[in-house]
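Let me begin by presenting the structure, written as structure tokens, before commenting on it.
The values are calculated or read from the model by the stated rules, or taken from the named source; none is laboratory data. In this text, all values refer to a predicted model and were calculated from it rather than measured experimentally. For neighbour counting, all protein chains shown are included, and Cβ atoms are generated from backbone atoms with ideal geometry for every residue, glycine included.
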Amino acid sequence: MGERFAMGHASAASWQHAARQVAEQLGDRDEDDVGFIYVTDHLAEHLGDITSFLVAATGTLNWCGTVGIGICATGREYFDVPAVVAMTCRMPGANLAMFASVDDAITSYSELGSGPGGAFCIVQGDPRREELLGDIPRLARDTDGFLVGGLTSSRGAFEMVAGHPTDSSLSGLLVTSAQVATGLTQGCSPLGGYHEVTRVEENTVLELDGRPAMDVFVEVLAEAGINDLRELSGALHVALPVSGSDTGDYMVRNLLGLDPEARAIAIGDRVEEGDALMFCRRDQEAAEADLRRMIHGLKERALRPCGGLYFSCLARGPGMFGEEGREMAIIQDVLGDLPIIGFFGNGEISFDRLYAYTGVLTLFLEPDPG
């Protein structure tokens, strides 16, 4: 039967040539349960065509995937070129169901019956859909599930496939009795500690710790040795703590602007009085160190990995790590030539939350012997 996981990736001028090269690398996979496919936005309008081609060429019938401005495979990243990455696999002992919407997933979960630990959902989301932010926690809650995935990124068509083309807010693959290990790596380093939001209007924070929010922000920067905001334009953000986390987890949100007159700051999320907020900055050195920490931690827990999926932020990749391929090379350096594919999205999903500037790695494990 061969290996449980097979991977293929290629860049070519036409979707037909790219798909053909990927199919040749995958080979005959008619006994596989599922395939994952990600294409760069150069080929976005042909995602359905490429998927149909791979169904016929490999024999794998069920596919899910989407579009990314960047996509990746073991040791390789593709940006600004027409490219395809794909992986097929068998999941012995697991129950699987493709879902084209959250309602479909909830129905499938009730029909499959819950496995140990609930459902594991591999998802792709449409960042343009207003209901997305509510659908992510709803899917996790109503399937007793853990979600991993990313949001489509494209300069053209926003396409998704989950068994067939879909345009819902969230779609993908639901699995029960899955044997997986997941990890999340941050791309920002904290600047100081948390501050209490003491006055706020919608997404404009007026006061932190009872003082004008902008004054606190400037003070934090000065303590970090940052005296010229222009040097870090676009690299400064805010972090909101994850409630109940015992690992100090946080969600990064954009710092949208400063109001010198009101001494206020605008952020890319809603907070309430009494909430905590921390400032942070994108940092290549810290991002690489945390990526290695996460991978080594996964490697210790995942004793028999046989394949993986990686969902990274569009702002990571060469923009954060300095050169194309560096992020995937770090993963390969720790895990070797393990088949891994994924894409660079408009946001990353882990458990029941939407993150930014992170990387989410899932490793599929060999079943326990005996």
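Of the residues that sit in segment 330-370 and are among the aromatic types (Phe, Trp, Tyr) and surrounded by 19 or more Cβ atoms within 10 Å (Cβ to Cβ), which one is nearest to residue 36 (Cα to Cα)?
Across segment 330-370, the extreme among qualifying residues is 343.
Mind checking whether some residue in segment 73-95 is more than 29 Å from residue 335 (Cα to Cα), buried (at least 20 other Cβ atoms within 10 Å of the Cβ) and either assigned by TED's automatic domain parsing to the domain that holds residue 154 or more than 24 Å from the chain's Cα centre (by Cα) (or both)?
No; the residues of segment 73-95 include none that is more than 29 Å from residue 335 (Cα to Cα), buried (at least 20 other Cβ atoms within 10 Å of the Cβ) and either assigned by TED's automatic domain parsing to the domain that holds residue 154 or more than 24 Å from the chain's Cα centre (by Cα) (or both).
Is it the case that some residue within segment 78-100 is assigned to a helix (DSSP H, G or I) and out of contact with any helix residue (DSSP H, G or I) (no Cβ under 6 Å at 6 or more places or on another chain)?
Scanning segment 78-100 turns up no residue that is assigned to a helix (DSSP H, G or I) and out of contact with any helix residue (DSSP H, G or I) (no Cβ under 6 Å at 6 or more places or on another chain).
Looking at residue 192 and the list (1) in contact with a helix residue (DSSP H, G or I) (Cβ under 7 Å, 6 or more places away or on another chain); (2) outside any loop (DSSP other than H, G, I, E, B); (3) modelled with pLDDT of 95 or more, which single condition is not satisfied?
Answer for residue 192: the failing condition is (3).
For residue 130, which of the numbered conditions (1) charged (D, E, K, R); (2) under 16 Å from the mean Cα position of the chain (by Cα); (3) more than 30 Å from residue 24 (Cβ to Cβ) fails to hold?
Of everything listed in (1) charged (D, E, K, R); (2) under 16 Å from the mean Cα position of the chain (by Cα); (3) more than 30 Å from residue 24 (Cβ to Cβ), residue 130 misses just condition (2).
Can you tell me which residues in segment 108-142 are among the β-branched types (Val, Ile, Thr) and within 10 Å of residue 174 (Cβ to Cβ)?
122, 123
Within the group 3, 24, which residue is out of contact with any Ser or Thr (no Cβ under 9 Å at 6 or more places or on another chain), in a helix (DSSP H, G or I) and either within 16 Å of residue 64 (Cβ to Cβ) or not hydrophobic (A, V, I, L, M, F, W, C) (or both)?
Just one listed residue meets the conditions, 24.
Of everything in segment 16-33, what is buried (at least 21 other Cβ atoms within 10 Å of the Cβ) and either out of contact with any strand residue (DSSP E or B) (no Cβ under 6 Å at 6 or more places or on another chain) or more than 20 Å from residue 306 (Cα to Cα) (or both)? Give them in sequence order.
Matches in segment 16-33: 18, 19, 23.
On the basis of being in a helix (DSSP H, G or I) and assigned by TED's automatic domain parsing to the domain that holds residue 66, does residue 341 make the cut?
Considered against the rule, which asks whether it is in a helix (DSSP H, G or I) and assigned by TED's automatic domain parsing to the domain that holds residue 66, residue 341 comes out as no.
Across segment 250-274, what is the total count of residues that are crowded, with 18+ Cβ neighbours inside 10 Å and among the charged types (D, E, K, R)?
Looking only at that region, the number is 1.
Can you pull out every residue in segment 3-31 that is of a type in the set (D, E, K, R) and under 17 Å from residue 48 (Cα atoms)?
Residue satisfying the conditions is 20 alone.
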